[in-house]
Amino acid sequence: MRRSRRRRPEMEEKLDKVEQQVREARGRLRWQVRQALIPLDIQEKKGISKLNGQILIITYNDDLQERIRGILESENYRCDVAEGSSRAVGMLRLQKYELIIVDFTRYRRSTIFSYVRRYQPGIRVISIVSNDDRARELMRMGSYSFLVGRNFDTEQLRTCLVSSLRMGHRVCSLQAHGERCNKSCVNSYQTEEDIMGFDDIAE
């Protein structure tokens, strides 16, 4: 009499777990390959020489892109735009950036913080958030400061640019302690032009 080839339930369960692990491993490998190819794709389509560096804007929203870009260019900062975190990481691998401005109003993009912490800890991140709870969460994750809403106060962004890039503050101390920006960190800041003007008056 021939034995039944039907697998025992415990064997079926073990095989199902192994197959699930194999599928997950293949998925992770495909994702890693796509991530590794992004810098090559950027080089092929845009070229490293076309990347401006200095400040990276991450958002899908065209209006917000143009709004932030306009503020940065009016202050003589160079900037690039990435529509998603994967492309942003690819650009970070190709060009040098000092600051990242990320739209978190509708997307999480927490991978940006993990990448920056691990590979480029000197880069500061300004988060655009929809509410205070999200702001507190992102400050704990390592955000330099935050702006509330896509219609944020443009003068606050200018304050963040001065305090982070020109004054070299590690983090916005007010927002790190749950307080609102009052621009006190830059009230006494003087540019080289201010100092030169004062010297001319003194003479």
Which of the residues spanning segment 118-135 are in a helix (DSSP H, G or I), of a type outside the set (Asp, Glu) and either loosely packed, with under 13 Cβ neighbours inside 10 Å or not assigned by TED's automatic domain parsing to the domain that holds Gln54 (or both)? Arg118, Tyr119
Has segment 80-89 got any residue that is surrounded by fewer than 20 Cβ atoms within 10 Å (Cβ to Cβ) and touching an Asp or Glu at 6+ places or on another chain (Cβ under 7 Å)? no
Only one of (1) among the polar types (S, T, N, Q); (2) in a loop (DSSP other than H, G, I, E, B); (3) within 21 Å of Val171 (Cβ to Cβ) does not apply to Asn76, and that is (3)
Just one of the numbered conditions (1) buried (at least 18 other Cβ atoms within 10 Å of the Cβ); (2) over 27 Å from Lys50 (Cα atoms); (3) over 14 Å from the mean Cα position of the chain (by Cα) is not true of Leu147; which one? (3)
Across (1) under 22 Å from Arg106 (Cα atoms); (2) in contact (Cβ under 8 Å) with a residue 12 or more places away in the chain, Glu137 clears everything bar (2)
Subset of segment 98-115, residues within 24 Å of Val162 (Cβ to Cβ), out of contact with any Lys or Arg (no Cβ under 9 Å at 6 or more places or on another chain) and not aromatic (Phe, Trp, Tyr), comes to Ile101, Ile112
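Residue-by-condition table, conditions (1) exposed (fewer than 10 other Cβ atoms within 10 Å of the Cβ); (2) within 30 Å of the chain's Cα centre (by Cα); (3) closer than 28 Å to Phe113 by Cβ; (4) at pLDDT 75 or above:
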{"residue": "Met1", "(1), (2), (3), (4)": "yes, no, no, no"}
{"residue": "Leu29", "(1), (2), (3), (4)": "no, yes, yes, no"}
{"residue": "Ala36", "(1), (2), (3), (4)": "no, yes, yes, no"}
{"residue": "Ile42", "(1), (2), (3), (4)": "no, yes, yes, no"}
{"residue": "Ser49", "(1), (2), (3), (4)": "yes, yes, no, no"}
{"residue": "Ile55", "(1), (2), (3), (4)": "no, yes, yes, yes"}
{"residue": "Asn61", "(1), (2), (3), (4)": "no, yes, yes, yes"}
So which residues in segment 168-192 are in contact with a helix residue (DSSP H, G or I) (Cβ under 7 Å, 6 or more places away or on another chain) and among the β-branched types (Val, Ile, Thr), if there are any at all? Val186
Select, from Leu138, Leu165, Leu147, the only residue that is in contact with a helix residue (DSSP H, G or I) (Cβ under 9 Å, 6 or more places away or on another chain) and either part of a helix (DSSP H, G or I) or small (Gly, Ala, Ser) (or both). Leu138
List the number of the failed condition for Ile100; all other conditions in (1) free of Cβ contacts under 8 Å to residues at least 40 places away in the same chain; (2) surrounded by 15 or more Cβ atoms within 10 Å (Cβ to Cβ) hold. (1)
Among (1) closer than 18 Å to Thr59 by Cα; (2) assigned to a helix (DSSP H, G or I), there is one condition Thr105 misses while meeting the rest; what is its number? (2)
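The values are calculated or read from the model by the stated rules, or taken from the named source; none is laboratory data. If you're wondering where the values come from, they're calculated on a predicted model, not measured in any experiment. Every residue, glycine among them, receives a Cβ derived from its backbone with ideal geometry; neighbour counts consider all protein chains shown.
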